[in-house]
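What follows is a short report on a single structure.
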């Protein structure tokens with residue numbers, strides 16, 4: 001199976017901004033708002049908005065006012081998300097005792113996101129070739145938000 005890889009690298013040590021490399025569009029830039037679970041993702045001249053809808057803790061990815069994807073945690077204690085994208089359901093589950101996440105579709109693991117090194121804030125998505133890039137970017141955003149939330153808390 002051929003894999004694609006998408007890497008997220010913080011621009012500085014305390015950055016709320018990440019460069020994402022490896023997609024078909026070249027380098028993308030993710031900017032989180034300071035101390036908020038929201039931001040913008042710029043990919044190949046397209047701007048996506050990321051925001052959290054309270055009180056249900058639903059995260060959405062939007063472009064030009066249209067919802068592209070949404071994610072929700074099943075409970076306050078869960079280290080997982082259920083994602084709706086193009087009418088299909090995906091799951092993002094944290095691996096026990098690790099910062100790595102598994103991505104499941106129809107009950108089977110299809111990809112993963114994990115730190116590039118155990119001590120770094122660099123993230124790496126590995127997925128089968130043909131995986132939709134928009135979904136890959138959104139999954140990466142969710143993991144980076146989770147890491148960020150745990151660091152700020």
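The values are calculated or read from the model by the stated rules, or taken from the named source; none is laboratory data. Remember, predicted model here, so these are calculated numbers, not experimental data. For neighbour counting, all protein chains shown are included, and Cβ atoms are generated from backbone atoms with ideal geometry for every residue, glycine included.
Among the residues of the stretch 97-127, count how many are under 19 Å from residue 79 (Cβ atoms) and touching a residue at least 40 places away in the same chain (Cβ under 8 Å).
So the count comes out to 6.
Which of the following residues is in contact with a helix residue (DSSP H, G or I) (Cβ under 7 Å, 6 or more places away or on another chain) and under 18 Å from residue 142 (Cβ atoms): 85, 48? Even if it seems obvious, please write down each step before you answer.
Numbers: 48 fails: in contact with a helix residue (DSSP H, G or I) (Cβ under 7 Å, 6 or more places away or on another chain).
Among 85, 48, only 85 is in contact with a helix residue (DSSP H, G or I) (Cβ under 7 Å, 6 or more places away or on another chain) and under 18 Å from residue 142 (Cβ atoms).
Which residues, counting only those in the stretch 70-116, are touching a strand residue (DSSP E or B) at 6+ places or on another chain (Cβ under 8 Å), assigned to a strand (DSSP E or B) and surrounded by fewer than 13 Cβ atoms within 10 Å (Cβ to Cβ)?
Hits for the stretch 70-116 are 88, 89, 109.
Name the residue, out of 25, 37, 56, that is modelled with pLDDT under 95, over 13 Å from residue 140 (Cα atoms) and loosely packed, with under 13 Cβ neighbours inside 10 Å.
Only one candidate qualifies: 56.
With the requirement that a residue be surrounded by 13 or more Cβ atoms within 10 Å (Cβ to Cβ) and under 24 Å from residue 78 (Cα atoms), what does the stretch 40-53 give you? Outline the logic, then answer.
Kept after step one, since they are surrounded by 13 or more Cβ atoms within 10 Å (Cβ to Cβ), are these residues of the stretch 40-53: 40-43, 48-52.
Within the stretch 40-53, 50, 51, 52 meet the criteria.
Given the options 61, 30, name the one that is in contact with a helix residue (DSSP H, G or I) (Cβ under 7 Å, 6 or more places away or on another chain), closer than 16 Å to residue 132 by Cα and either surrounded by 14 or more Cβ atoms within 10 Å (Cβ to Cβ) or modelled with pLDDT under 95 (or both).
One residue alone meets the criteria, 61.
Of the residues that make up the stretch 137-145, is at least one farther than 19 Å from residue 7 by Cβ, modelled with pLDDT of 90 or more and touching a strand residue (DSSP E or B) at 6+ places or on another chain (Cβ under 8 Å)?
At the first step, the residues of the stretch 137-145 found to be farther than 19 Å from residue 7 by Cβ are none.
For the stretch 137-145, residues farther than 19 Å from residue 7 by Cβ, modelled with pLDDT of 90 or more and touching a strand residue (DSSP E or B) at 6+ places or on another chain (Cβ under 8 Å): absent.
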